[in-house]
Amino acid sequence: MDVSQFVAENYDYILAAVIVAFGVVTGAVARRMNERVMAALGVGDAVEGTSVERTARNFGTTTTAFVARISGWVIYGVALVLALRVVNPLLATALWVQVTGYLPNVVIALVVLVVGLIAGDKAELAVSERLRGVKLPEIGVLPVAARYSVVFVAVLVALSQLGVATMALVIAFAAYLAAGILAFLVATRDLLAAGAAGLYLLLTEPYGIGDTIRVEDMEGFVQEVDVFVTRIEDDGTEYVIPNHLVIRSGVVRVID
C-alpha cells in the first residue's frame, strides 16, 4: 500500500488528527498570550494576597495562569469537536450544538465567579481600611459582610449564566441584606446615637475648643469635638465622652 492510497483510505482520521494538533498548538499559544496580556495589565499585582490567589498557589498555579488556561481549554474543546465532526458528522453535529450553546455560558460563569471572589477580597480590604479608626468591636463584621455580599452577587450571576433558576436565591439575598442592615443598626445603635448627637453639637456649638465643661462627674477643657466623641482634659487626665452622653446627661459650661 503506497502513501497516497493510505491517505485516501484514512483521510478523515488524518484530517481529524491535524485539527487536534492545530487546536493543541493554538490553545497553548492563546494561553501564553493571555498570560502576558494580563501581566502587562497588572492583573497579577491586583489579585496578589487575595483568597483566590492563595487558593491557586496551593494548587501550584496562579489566578492569571488559571484564567489563561480557560481560554486554552476552550480551544482544545472546539478542536476536539471539529475533529469528531470530520470522523462522525452526525454525532459531532449534536455535540456541537450542545457545546456552542452551553460552553460560552460556562466560561462566562467561571470568569464572573473568579472576578467576584477577587472583588470580594478587595471590598473587605477597602471597608477595613475605611473603618480602621472606629474602635467598636461590632464594626469588625462589616468587612466580612461586604466580602460575602459581593461573592453572593457573583454566584447569582454565574448561576444565571448556567440557566439555574435564581429567584429563590435573590429572595434569600434580599432577606440577608435586610437582616444584615437590622443587625448593623442594633449593634451600632450607640454609634449612630453618638453621630446624631455629634452633628447637633457641631451645628449648634454649645461649647468649643478651649472651653471648660463638665459632663456628669467629668470636668476639663475641650480638646476636640468630632462627630462621635468630645475629648476633654484635666490635670493630665483625658476623658473621651460619647456625644450622645453629652446630650443625654447635659453639659455644664464652666465660666471663670
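The numbers here are math on the coordinates, done by the rules we state, and not lab data. Small disclaimer: the values here were computed from a predicted structure and weren't measured. Here the Cβ positions follow ideal geometry from the backbone for every residue, glycine too, while neighbour counts run over all protein chains shown.
Per-structure values
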{"read-out": "Exposed trypsin sites (Lys or Arg not before Pro) absent - longest run of the chain, DSSP non-H/G/I/E/B, at most 16 other C-beta within 10 Å", "value": "1-131"}
{"read-out": "For the chain, calculated [θ]222 nm from helices alone, where every DSSP H run of n ≥ 4 adds -39500 (n - 2.57)", "value": "-24000 deg cm²/dmol"}
{"read-out": "For Val81, Val74, order by how many other beta-carbon atoms lie within 10 Å, fewest first", "value": "Val74, Val81"}
{"read-out": "Tail weight of P(r) past 34 Å, computed on alpha-carbon pairs of the chain, percent", "value": "51 percent"}
{"read-out": "The range 1-66: chymotrypsin sites (Phe, Trp or Tyr not before Pro) in DSSP coil with no more than 15 other Cβ atoms inside 10 Å", "value": "Phe59"}
{"read-out": "Dipole axis of the chain (+1 Lys, Arg; -1 Asp, Glu on Cβ), positive-most option in Val170, Leu142, Val254", "value": "Val170"}
{"read-out": "Viscosity 1.306 mPa s, temperature 10 °C, Stokes-Einstein D of the range 1-87 from Kirkwood C-alpha radius, µm²/s", "value": "106 µm²/s"}
{"read-out": "Residue with peak Gaussian network fluctuation, the chain [Cα springs, cutoff 10 Å], from Gly27, Gly49, Gly236", "value": "Gly236"}
{"read-out": "Extension reserve of the Ser4-Arg214 stretch, reckoned as 0.36 nm per residue once the Cα distance is removed", "value": "65.0 nm"}
{"read-out": "Of the DSSP H helices in the chain, those whose Cα atoms cover at least 24 Å axially and whose Kyte score averages -0.5 or more", "value": "11-40, 63-87, 89-130, 141-161, 167-187"}
{"read-out": "Rounded if a/c under 1.5, otherwise prolate or oblate - the range 180-256, Cα gyration tensor axes", "value": "prolate"}
